[in-house]
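Please read the structure below before turning to the comments.
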Amino acid sequence: MKKIRSVAPLRIGFGGGGTDLDSYCDRFGGYVLNATISLKVHCFIEPKNNKKIIFSSPDYKEFVEIDSMKELKLNGEMDLHKGVYNKIVKHFNLEPLSFEMITYSDAPPGGSGLGGSSTLIVSMIKSFAEWLNLPLGEYDIAKLAYDIERKEIGIEGGSQDQYASTFGGFNFMEFYSNERVIVNPLRIKNKILSELESSTILYFTDIVRQASQIEKEKKLLMENKKSIEAMHQVKEDAVLMKNSILSGDITSFAKYLHKSWLAKKTVTDSISNTEIDRIYNIAIENGAIGGKVSGAGGGGFMFFITSPEKKFNLIKILNNEKGQVYNFQFVQNGAESWKIS
């Protein structure tokens, strides 16, 4: 019996984050600029014939063994895994499956800001699709992942992460009412991507946060005029960032990133905090032109753009703080899966 493997890339959110929330994009339309990176989520399935299901997540130290049935009860124990299984079985009208699934992420557990939970769901869907020969295209997988995470399990958030992980690469995404999403892959010259990669530092703050709680706060603030105006600015800056990166103007890109971060911080107080502001100021004082927290905010990963000549020194300074700099590359491939004997 063959084993199934899949990987799905995590992403950095450069611009427009939050405008993909339905509370905003249903009214105004949203724009998001993001790129997938070499940190990934891994999923392995080994089919069984013992009428059992095993879910194992070594990075979160979670393990569940249950009897195989058509619908698994969501009870707070590995609900993302159970939710994917439930949707696949129900959506494709399948008989109960028996298997062992192991998943883990290259990013640290506890709200990385790199789209971890959505990417995990995409990787699991991709594995099931490979195993069961399910007719799922890229838009199908991303939409299925969104439905599972946001509707079935009820985790607050937008939809950029599911599409970023599924499609891969550098994308400018458009979000409209009725859950309509358009993914525009950007044709960026290799030398521009190399310069951006050489200029970017990815820093894990070691601050754990609940992204869904921050997204919930953002939804409530969509009736607040000041918050809406800040989101309009974040959306506008995403377009300016897209134009800058396509023309290879990394300095302007970084300046718009800085401007967008200042605007995003005014949406709700939980997006930043004293420690994040302190780290950000240290980076700016030591050569960073711009940066932001990746994802919803409040903790997880931050990233900074500096000149490549100043990068080594800035990494050294940041590594003397509580967090840690992670090496990465931008990657073009989205979620992938394969079988092995």
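The values are calculated or read from the model by the stated rules, or taken from the named source; none is laboratory data. Source: prediction; values computed, not measured. Every residue, glycine as well, gets a Cβ built from its backbone with ideal geometry; the counts of neighbours run over all protein chains shown. Accessible surface is based on the protein model in full, side chains and every heavy atom, while ligands, DNA and RNA are left aside. Shrake-Rupley method; radii C 1.70, N 1.55, O 1.52, S 1.80 Å.
Things to note:
- Once the range 82-133 is narrowed to residues that are part of a helix (DSSP H, G or I), under 13 Å from PRO47 (Cα atoms) and among the aromatic types (Phe, Trp, Tyr), the residue that is most open to solvent (accessible area, probe 1.4 Å) is TRP131.
- So GLY157, is it closer than 27 Å to GLY298 by Cβ and either crowded, with 22+ Cβ neighbours inside 10 Å or over 18 Å from the mean Cα position of the chain (by Cα) (or both): yes
- Test: SER212 is open to solvent by 30 Å² or more (accessible area, probe 1.4 Å), at pLDDT 95 or above, in a helix (DSSP H, G or I) and at negative phi: no
- Complete set of residues in the range 150-172 that are under 29 Å from MET241 (Cα atoms) and acidic (Asp, Glu): GLU156, ASP161
- All positions within the range 13-56 that are under 17 Å from the mean Cα position of the chain (by Cα) and under 30 Å from LYS2 (Cα atoms): THR36, ILE37, SER38, LEU39, LYS40, VAL41, HIS42, CYS43
- Pairs with Cβ under 6 Å, 6+ apart, first in the range 57-84 and among the β-branched types (Val, Ile, Thr), second open to solvent by 40 Å² or more (accessible area, probe 1.4 Å): VAL64/GLU77
- In the set SER38, SER56, only one residue is small (Gly, Ala, Ser), assigned to a strand (DSSP E or B) and more than 30 Å from GLU179 (Cα to Cα); that residue is SER56.
- The range 1-34, subset touching a helix residue (DSSP H, G or I) at 6+ places or on another chain (Cβ under 8 Å) and aliphatic (A, V, I, L, M), residue modelled with the lowest pLDDT: LEU21
- Qualifying residue in the range 166-173 (condition: under 23 Å from VAL331 (Cβ atoms), assigned to a helix (DSSP H, G or I), touching a strand residue (DSSP E or B) at 6+ places or on another chain (Cβ under 7 Å) and not acidic (Asp, Glu)): yes
- Only residues that are without any contact (Cβ under 8 Å) to a residue 12 or more places away in the chain and either open to solvent by less than 10 Å² (accessible area, probe 1.4 Å) or part of a loop (DSSP other than H, G, I, E, B) (or both) were counted in the range 134-154, giving 4.
- Restricting attention to the range 61-81, the residues that are surrounded by 13 or more Cβ atoms within 10 Å (Cβ to Cβ) and either in contact with a Phe, Trp or Tyr (Cβ under 6 Å, 6 or more places away or on another chain) or of a type outside the set (Phe, Trp, Tyr) (or both) add up to 13.
- Hey, PRO58 open to solvent by 30 Å² or more (accessible area, probe 1.4 Å) and more than 25 Å from SER112 (Cβ to Cβ) or not: no
Okay, residues lined up against (1) within 16 Å of ILE153 (Cβ to Cβ); (2) not β-branched (Val, Ile, Thr):
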position: PHE44; (1), (2): no, yes
position: LYS61; (1), (2): no, yes
position: ILE66; (1), (2): no, no
position: GLU71; (1), (2): yes, yes
position: GLU77; (1), (2): yes, yes
position: LYS82; (1), (2): yes, yes
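- Listed by first and then second residue, the pairs with beta-carbon distance under 8 Å, at least 6 apart or on different chains, first residue in the range 175-204 and at negative phi and among the β-branched types (Val, Ile, Thr), second in a loop (DSSP other than H, G, I, E, B) and open to solvent by 30 Å² or more (accessible area, probe 1.4 Å), are ILE192/GLY248.
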